[in-house]
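Only one structure is covered here, and it is reproduced in the block below.
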Amino acid sequence: MRTAAAAGGWELVSAMANRENAFIEITPEVLLKAYACGIFPMAESADDPALYWIEPEMRGIIPLESFHVPARLARTVRTTPFTVVVDRDFDAVIDGCAEAKPDRARTWINTRIRNIYRGLFEHGHCHTVEVYDGERLVGGLYGVVLGRAFFGESMFHRARDASKIALVHLVARLRAGHYRLLDTQYVTEHLKIFGAVDVQKRRYHRLLEDAIAGQGDFTALPTERAVSGEEALAIIRNNVRARPRHSGTRVSRKVNSRPQ
């Protein structure tokens, strides 16, 4: 069963399930209601402006309490001199996610996807994790937050293990911020090493309903400075959760700025 809010969102987006309606404008508000229903938009390719709503029968998630960091990767996270920050350069992250790869000549991130998620970023409902080698962005990811759920959209790397490092830092931040659900949409071999599993749609909706009923805190770890690999691993290893913050102010976005 869906909540009343989710049911209302379903009515708003159900009209876009076919090609004829795939060009209807999607606002940040409609997109958040879609996520509350368990569906998300995708394009066929970067050249196709149409968007389609996707609701897989089997949904990929990473259980946060059993997130697994392999020993070799833990050493890399701890010792590699990368700088990991959040929400510094949304456009550069989505550019990285949209890059062609040897095993993927085409990308699904079209102009509409860029604009829609930038709107969510500006409203504080989309976040990035960014990995830098000096001034060069070498990996990262972005996703949507709603309540205590984080919906991972895409990740990339230009240096070995950079996307994995971004994921480790993301999970540390979600654990610290009392999140309950990390939605990966699909399970890949890359994600299985961290404990990603498929769940049936009905179970996913139960997990989703529980997660969006509360409120996570993406700023439970610092946003104004880099978080070290040792800090991130300590939170994951010791199941540390930050004390909830009580602040009515919203952190301003600094777009297209590099960490100092």
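Sequentially through segment 36-52, phi angles give Karplus couplings (6.51, -1.76, 1.60; θ = phi - 60°) of 5, 8, x, 10, 8, x, 8, 10, 5, 6, 5, 8, 9, x, 6, 10, 10 Hz, Gly and Pro residues having no value and appearing as x. For segment 130-171, the fraction of C-alpha pairs farther apart than 13 angstrom is 51 percent. For the peptides 203-210, 144-151, the ranking by packing is 144-151, 203-210, with the highest mean count of neighbouring Cβ atoms within 10 Å listed first. Each 10 Å bin from 0 upward holds the following percent of the Cα-Cα pairs of segment 104-148: 23, 42, 33, 2.
Could you give the length gained by full extension between Ser228 and Asp47, i.e. 0.36 nm per residue of separation minus their alpha carbon distance, to one decimal place?
Taking Ser228 through Asp47 to full extension adds about 61.3 nm, to one decimal.
DSSP beta bridges in segment 91-197, what fraction antiparallel, as a percent rounded to 5? Of those bridges, close to 85 percent are antiparallel.
Report the Rg/Rh value for segment 48-150, based on alpha-carbon coordinates and the Kirkwood definition of Rh. Please list the in-between numbers first.
Details: Rg = 15.7 Å, Rh = 16.0 Å.
Radius of gyration relative to Kirkwood radius: 0.98.
A simple spin-label model places the labels of Lys201 and Thr188 2.4 nm from each other, with each point 7 Å out along Cα-to-Cβ. The amide H of Phe40, built 1.01 Å from its N in the peptide plane, has Ile54 as neighbours under 5 Å, considering only residues 5 or more places off or on other chains.
Values quoted throughout were computed directly from the atomic coordinates according to the rules given, and no laboratory measurement underlies them. Predicted, not measured: the structure shown is a model, and the values here were computed from it. Virtual Cβ from ideal backbone geometry, glycine too; neighbours counted across all protein chains shown.
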